Amino acid sequence: MDCIDVYGGRPLEGDVILSGAKNAALPLLIASLLTDAVIELKHVPDLKDIRTTLALLQHLGVEIEHRAGAYRLSAANVACFEAPYELVSTMRASVLVLGPLLARFGQVKVSLPGGCAIGARPIQYHLMGLEKLGAEIWLENGYVIAKANRLKGTTIRFDFPSVGATENILMAAVLAEGETVLENCACEPEIVDLANLLIKMGAYITGAGTSTILIRGVTKLHEATHAVMGDRIEAGTFALAVCGTGGAIRVMGIAPEALGTLLAVCEQCGAQVERFEDGFGMKATERMRAASITTEPYPGFPTDMQAQFMALMSVAGGRSYITETIFENRFMHCSELARLGADISVGGGIATVRGVPALSGAEVMATDLRASASLILGGLFAHGCTRVNRIYHLDRGYERIEEKFRALGARIERRI
Ligand code: EPZ
């Protein structure tokens, strides 16, 4: 089974160019279902979850061409409206086909995603929104089945600013009859990226990136070309890495504000940050001071950066309180970081981290995507060698991360 060996104690220096964002590319690819015209997407990362999404779209009948670094997708001949268990169970984001298939074809059958390592991951906000738009929805043998003649616009308020539910209902509403107002929406940058593609396709959308989005439905969408935004979570992972190893890097291909409060937290810990239009510089010349964070919806501290931040706090000076409010089980990296010598205690959704001068290399096991990134960082901050097992989790969301770290001076090897 693949693993990665990390030899710690080396500073990081140089520039890193970000890949396209996994969490933007997935809904962007799925948006191709909304039209019979060709959608061209550039800057799509080569990740396991992307390949799963492409397989799902092909299963539905989408014709896909990958040429010169761009994907051209045509849903002109879609004749299947079912997302099967074997695909949905490997990638929860498959539920995003609900909105587009229902809006364009009036019917859809999607396996309930089930939980995953970080939580139960229910989809009631998605289903509530589709019902409000006029869909008839029922559950049968572990599948969600929905039918609708034509969706009709209305006002929908989410109980929680769910990223996936906002994306699903946004895609459904662009072909609904009349006006839809979405309230208490998620504001993540990936939602703005999706709205930008939909607008290029002829949709009428205002307010994406704020908590209230207005959509005026159209009857048909047309061809468009779009480049996937840079991956802000990859950017944050490199930012926290250099804070722990010391050194100076520049991260290119992202607007700094897309990282929410993360860069300000790095400055609070003692790093020097230089912000520019399409990226940022991060320099660390001393041991980081401890800081406490609470994960929140954007623009707060991203939950997808919580595990990586915990790795950094493991070697910071002082005590850090890390509160996870988005997912109910996102502390599984704690016990693996403890194998590297981290001093972490967990209780009531809060992890208390007492920084130690240095970690020491050990064999560890990844449990989910962002936990695997935190273990790579732990290895960079440790003396000696750290072997991270089950790195198939890492490959779901990071494109060639070991090559990127090596280019910054890290000693890191993938073992096949
Ligand atoms: C997206 O997941 C991201 N995934 C996640 O990234 C990210 O952690 C999350 O947003 C929060 O930012 C993709 O974009 C593919 P949510 P999503 O709906 O849409 C609960 C990564 O590591 N909830 O905002 O599933 C849910 O269980 C992944 O790249 C309901 O209860 O997130 C969770 O506790 C992990 N009912 C919270 O809300 C619902 O109907 C946030 O979920 C929907 C969500």
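Derivation of every value follows stated rules applied to the coordinates shown; laboratory data play no part. Small disclaimer: the values here were computed from a predicted structure and weren't measured. Neighbour counts are summed over all protein chains in view; Cβ atoms, including those assigned to glycine, are modelled from backbone coordinates with ideal geometry.
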Item to complete: Fewest Cβ neighbours within 10 Å first, please rank 364, 62 accordingly.
Response: 62, 364
Worksheet item: How big is D for the range 82-143, in µm² s⁻¹ as a whole number, if Stokes-Einstein is applied with the Kirkwood radius of its Cα pairs at 10 °C and 1.306 mPa s?
Response: 132
Practice prompt. Just subtract the alpha-carbon distance of residue 40 and residue 77 from 0.36 nm times their residue separation and send over the number in nm, one decimal.
Written response: 11.7 nm
Worksheet item: In 20 Å bins starting at 0, how do the alpha-carbon pair distances of the chain split up by percent?
Response: 28, 55, 17, 0
Discussion item. For the range 314-367, place one equal point scatterer on every Cα, skip the solvent, and apply the Debye formula. What is log10 of I(q)/I(0) at q = 0.22, 0.24, 0.26 Å⁻¹?
Written reply: -0.84, -0.96, -1.06
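Find how much the distance from residue 285 to residue 323 grows on full extension, using 0.36 nm per residue of separation minus their present alpha carbon separation; answer in nm with one decimal. Display every interim value, and only then the final one.
Working: separation 38, 0.36 × 38 = 13.68 nm, distance 2.74 nm.
Gain on stretching residue 285 to residue 323: 10.9 nm.
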Worksheet, complete the sentence: Taking every other residue with Cβ under 13 Å from the Cβ of residue 296 and scoring Lys and Arg +1, Asp and Glu -1, one gets -3
Discussion item. With 19 Å as the cut-off, how large is the P(r) tail for the range 327-416, expressed as percent of Cα-Cα pairs?
Written reply: 39
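Fewest Cβ neighbours within 10 Å first, please rank 144, 356 accordingly.
Values: 144 22, 356 16.
By the 10 Å Cβ count, ascending, the order reads 356, 144.
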Response to the item:
Summing +1 per Lys or Arg and -1 per Asp or Glu among the other residues with Cβ less than 11 Å from residue 62's Cβ gives -2
Discussion item. From the helices alone, meaning DSSP H stretches of at least four residues, give me the mean residue ellipticity at 222 nm for the chain, per-run term -39500 (n - 2.57), in deg cm²/dmol to the nearest 500.
Written reply: -8500 deg cm²/dmol
Practice prompt. Averaging sequence separations of C-alpha pairs under 8 Å and six or more residues apart, then dividing by the length of the chain, give the relative contact order as a whole percent.
Written response: 20
Practice prompt. May I have the extent of the alpha carbons of the range 222-266 along their three principal axes, as whole Å values ordered from largest to smallest?
Written response: 48, 18, 12
Practice prompt. Output the Cα-based Rg and Dmax of the range 22-224 in Å, rounding Rg to one decimal and Dmax to a whole number.
Written response: 15.2, 42
Fill in: Pairs of Lys in the chain closer than 22 Å at Cα, counting only those 8 or more apart or on different chains
17
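Provide the net charge surrounding residue 400, with neighbours chosen by a C-beta distance below 12 Å and charges set as Lys +1, Arg +1, Asp -1, Glu -1. Working shown, then result.
Working: positive: 404, 406, 414; negative: 46, 234, 395, 399, 402, 403.
It works out to a net charge of -3.
By counting other Cβ atoms within 10 Å of each Cβ, how are 321, 85, 298, 398 ranked from fewest to most?
On the way: 321 14, 85 17, 298 20, 398 25.
Fewest to most other Cβ atoms nearby, the residues stand as 321, 85, 298, 398.
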